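Enquirer: Okay, here's the structure, questions in a sec.
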Amino acid sequence: MLSYLFSLLIITAIWVLLVQSYNLSFGLTGLFNLGHIIFYGIGAYTAGILNTRYGFGFFENLLFSALVAGTFAAFFGLLTLRLSGHYLAIATLGAAMIATVVATNWVSLTNGPLGIRGIDEPELFGQVIQADSFGFLLLIPGVVVVCNILLFRIFHSPFGRILRSIKDDETASRAVGKNIFEAKMWSLVLSAAFAGIAGTLYAHYRLFLDPSIFAIPEIILIILMVVVGGRGNFWGAILGTILVVIIGEVPRFIGFPNNIVGATRNILFSALLIGTMFLRPNGLFTFFQKRTE
Amino acid sequence: MSELVAQLIWNGLVTGALIALVALGLTLIYGVAGFIQFAHGEMVALGAYAFMIFHKLLHWEILPAALAAVTVGVVVGLIIEKLFFRPVREHDPMIPLVLSIGLSIGLQALILIFFGPNILTISDRSFHSLSIFGKKILATPSQIWAIFLSFVLMGGLILFLKKTKIGKYLRAVASNRSVAEVFGMSTDHAMQWIFGIGVGLAVIAGIFLGFEQNLEPLMGVHMSVKAFSAVVLGAVGSVRGAILGAFLIGLAESLLVGLSIIPSGFSAAIPFVILIGMLLVRPEGLFGRRFENLRR
């Protein structure tokens, strides 16, 4: 039971970072990028490959996977940011499909469907921090908190307000002389970098990676978490993530037969998503926010 | 042209015809309602499973079973429109889109609970040898029907939208909903028509797909992501564009993999590589400029 709670806590922390990074591009800037999971996967694979082949440690990987995911996002942005609305959604969904195919078939890089095994556990001051130790419980949430503080600063900076203005009215924002493309690009790159960090955390926690990290259900889950919490709402994304994780664990405790636990969970998620869209399309946690409009 | 190429073109045409049926519904819904219906793939699965129930479990003949499945599909389409999409129609298009994602995972889960994860089949897969332009190709009766029927339906749909009173009314609502309402055309009615037609076409595609492959809860998703690409390829909201995009994807997939130009592991990526390439060269789609005013 304790180890179950422990892993739930770690996983929730990683989700919080991934969802908050998505909240920056999707929630705040309004980029309907359905391929955000690519950046997470690239971060995880970067960490896995650098660690197993070149012996890079946890902290170096945090930096390098953020760099790789961010650089990739810059190219991704050059290709897709010219598109708007639904076109962007379909193109990025397609990109996520391509990512799965590449991760499965580029065997020399990713080891294909067998995945990458034997990633090292994080090491701090020459001391290995094992995945079930108390140190781990400080390390992962610690990284997540630091990243969230940075993200909070971005959300509430003048730059964050430009991003919000793009979502609300792109034309007006352009009219007052803001460089929309540049702002969108930075939003995407920063969002990808944080997603890459989340991927590293995942890689060094699970110690195993395979192409299923890019799967569609994962994309739907992060959309669900952002939307339930409220698009562009910093605290909403965190609360939304926690709520969705808790709801996702419910079927396990009610005692459904094992083969339909996953399906029951998806029905709960579906109801949550549809209910949110009907009752509070701006997220369940909008009532914590001051009314500004 | 060797027989292999002829066979591959035939397979590509079959896939293209099925994608086209799904893509038509998507593009109509986008054109009139203004959002991408992510649960459209589940309508394909619904068609396959409904047909399987009528044909395999209740032992009806193929034609009555297919008609019953289409009826079920149309009714489900009308109900979904009324219950889920009508209340959020006037919101930001993001909201019906996210809602349809929710609907999609919910329906998938329901299929999984009712039918289990086991793989079910409809057909016994008897192949006929068919000779076209002196080339021998293998085709199943259902494939021949799929090609024939999809061409009839596509032609019928284009004529319906062009010539009939209801078709003109649907195009009016698509081009400007509020002006159409001023002229006394009910948006509610238009949505019902569009969802009825769209889901009906998806169900027909699902029935044929059930003959082509095994039934599994995710069968619709694979189909709908290809149909999304076809729709965007042809220009969102355009009927002819969606048809052209669908056949392009079907043929490209079949030929590129069949002639081993691309390793078969990469086949799932082909529609999207074409799509992204297309968006770079001509973001408005193949029929973009001409249909620009369909919906903005």
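Enquirer: Output the number of residues of region B:75-126 satisfying the condition of being assigned to a helix (DSSP H, G or I) and either within 17 Å of B:Ala39 (Cβ to Cβ) or facing another protein chain (nearest Cβ under 8 Å) (or both). It would help to see each step written out before you state the result.
Expert: Of all residues in region B:75-126, those assigned to a helix (DSSP H, G or I) come to B:75-85, B:94-115.
Adding the requirement that they be either within 17 Å of B:Ala39 (Cβ to Cβ) or facing another protein chain (nearest Cβ under 8 Å) (or both) leaves B:75-85, B:94-114.
Adding up the residues that qualify gives 32.
Enquirer: Can you tell me which residue among A:Leu243, A:Leu151, A:Leu163, A:Leu209 is crowded, with 16+ Cβ neighbours inside 10 Å and farther than 27 Å from A:Phe285 by Cβ?
Expert: Working: A:Leu243 fails: farther than 27 Å from A:Phe285 by Cβ; A:Leu151 fails: farther than 27 Å from A:Phe285 by Cβ; A:Leu163 fails: farther than 27 Å from A:Phe285 by Cβ.
Exactly one of A:Leu243, A:Leu151, A:Leu163, A:Leu209 is crowded, with 16+ Cβ neighbours inside 10 Å and farther than 27 Å from A:Phe285 by Cβ, namely A:Leu209.
Enquirer: Among the candidates A:Ile222, A:Ile140, A:Ile162, A:Ile149, single out the residue that is modelled with pLDDT of 90 or more, assigned by TED's automatic domain parsing to the domain that holds A:Gly27 and β-branched (Val, Ile, Thr).
Expert: On the way: A:Ile222 fails: assigned by TED's automatic domain parsing to the domain that holds A:Gly27; A:Ile140 fails: modelled with pLDDT of 90 or more; A:Ile162 fails: modelled with pLDDT of 90 or more.
Going through A:Ile222, A:Ile140, A:Ile162, A:Ile149 in turn, the sole match is A:Ile149.
Enquirer: Quick test for you: out of A:Leu284, A:Leu243, pick the one residue that is part of a loop (DSSP other than H, G, I, E, B), within 26 Å of B:Pro93 (Cβ to Cβ) and either acidic (Asp, Glu) or more than 12 Å from chain B (Cβ to nearest Cβ) (or both).
Expert: Residue meeting the stated conditions: A:Leu284.
Enquirer: Please go through region A:246-265 and give me each residue that is free of Cβ contacts under 8 Å to residues at least 12 places away in the same chain and at the interface with another protein chain (Cβ under 9 Å from one of its Cβ atoms), ordered by number.
Expert: A:Asn259, A:Ile260, A:Gly262, A:Ala263
Enquirer: Quick check on A:Gly160: is it in contact (Cβ under 8 Å) with a residue 12 or more places away in the chain and closer than 16 Å to A:Ser191 by Cα? Show your work before the answer.
Expert: Values: in contact (Cβ under 8 Å) with a residue 12 or more places away in the chain: yes; closer than 16 Å to A:Ser191 by Cα: yes.
Yes, satisfied.
Enquirer: Separate question: Checking A:Val101 against (1) in contact (Cβ under 8 Å) with a residue 24 or more places away in the chain; (2) within 14 Å of chain B (Cβ to nearest Cβ); (3) on the phi < 0 side of the Ramachandran plot: exactly one of these is not met. Which one?
Expert: In the conditions (1) in contact (Cβ under 8 Å) with a residue 24 or more places away in the chain; (2) within 14 Å of chain B (Cβ to nearest Cβ); (3) on the phi < 0 side of the Ramachandran plot, A:Val101 misses (1) alone.
Per-residue answers, yes or no, for (1) buried (at least 17 other Cβ atoms within 10 Å of the Cβ); (2) among the β-branched types (Val, Ile, Thr); (3) modelled with pLDDT under 80:
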{"site": "B:Ile101", "(1), (2), (3)": "yes, yes, no"}
{"site": "B:Ser123", "(1), (2), (3)": "no, no, yes"}
{"site": "B:Ile132", "(1), (2), (3)": "no, yes, yes"}
{"site": "B:Ser142", "(1), (2), (3)": "yes, no, no"}
{"site": "B:Phe148", "(1), (2), (3)": "no, no, no"}
{"site": "B:Lys162", "(1), (2), (3)": "no, no, no"}
{"site": "B:Lys168", "(1), (2), (3)": "no, no, no"}
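Enquirer: Taking helices (runs of 4 or more DSSP H) that do not extend beyond region A:120-239, which have at least 2 residues that are more than 30 Å from B:Gly41 (Cα to Cα)?
Expert: A:134-155, A:158-168, A:170-175, A:180-206
The values are calculated or read from the model by the stated rules, or taken from the named source; none is laboratory data. Nothing here was measured: the structure is a model prediction, and the numbers come from that model. Methodologically, a virtual Cβ is constructed for each residue, glycine included, from the backbone with ideal geometry; neighbour enumeration extends over all protein chains shown.
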